[in-house]
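What follows is a single structure, written as structure tokens, with notes after it.
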Amino acid sequence: MEAWQKTHTAVILPLARALYRYDSNNYKLAKSFATIRNMILATRECFKVLKSMNVPITPSKLHFYYLPSFLLTLGFMVFFRTRVAEYSMARHTAVAKEEMTVLEDIFEKYVKESQVTTKSYKKLLK
């Protein structure tokens with residue numbers, strides 16, 4: 001359960017930050033190849049932080065994040081154009097800013113402990 005929770009955090013933080021750049025509007029985010037690609041790279045970095053702590057990426061189906069970033073970015077661009085993305089992600093991030101801040105503070109401790117370079121993740125935090 002702990003690995004699942006940490007992995008979930010590693011996925012939602014970059015996703016939420018990408019959405020926040022567009023005021024939690026998934027339809028606007030869907031048009032930004034650069035932001036979505038950065039979100040994917042940031043998620044990979046977050047996974048690397050967890051791996052450095054011997055936390056397995058759970059569930060293992062999330063290894064799809066290691067598909068070629070170009071293809072994955074295009075896939076997310078399509079997905080973010082859907083109402084599923086609106087209701088399952090965008091609307092939640094709009095009302096969960098305090099939750100995301102708490103999770104970011106906790107995850108930042110993991111980043112510092114791991115000493116993993118998180119250039120893409122930090123770019124999303126700006």
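Only the coordinates and a few stated rules stand behind these numbers; no lab work does. All figures in this text were calculated on a predicted structure; none of them were measured in a lab. So basically every Cβ, Gly included, is an ideal-geometry build from the backbone, and we count neighbours across all protein chains shown.
Key figures for this structure:
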| read-out | value |
| --- | --- |
| P(r) of the range 1-110 over all Cα-Cα pairs, binned every 10 Å from zero, in whole percent | 15, 47, 35, 4 |
| Relative contact order (percent, whole number), the chain, Cα cutoff 8 Å, 6+ residue spacing | 41 |
| Choice from 28, 109, 48 with maximal GNM fluctuation in the chain (Cα, 10 Å cutoff) | 109 |
| Residue-wise HN-Hα coupling along the range 65-82, computed from phi with Karplus coefficients 6.51, -1.76, 1.60 (Hz; x: Gly, Pro) | 4, 9, 5, x, 4, 4, 5, 5, 4, 4, x, 5, 4, 5, 4, 5, 8, 9 |
| Linear extension gain, residue 108 paired with residue 64, 0.36 nm per residue minus alpha-carbon span | 13.4 nm |
| Stokes-Einstein translational diffusion, the range 47-126 - Kirkwood Rh over all Cα pairs, 1.306 mPa s, 10 °C, in µm²/s | 108 |
| MRE, 222 nm, helices only [DSSP H, n ≥ 4, -39500 (n - 2.57), over the chain, to nearest 500] | -20500 deg cm²/dmol |
| Residue-count net charge about residue 17 - beta-carbon cut-off 15 Å; Lys, Arg +1, Asp, Glu -1 | +2 |
| Value of relative contact order over the range 10-50, rounded to a whole percent, pairs C-alpha under 8 Å and six or more apart | 45 |
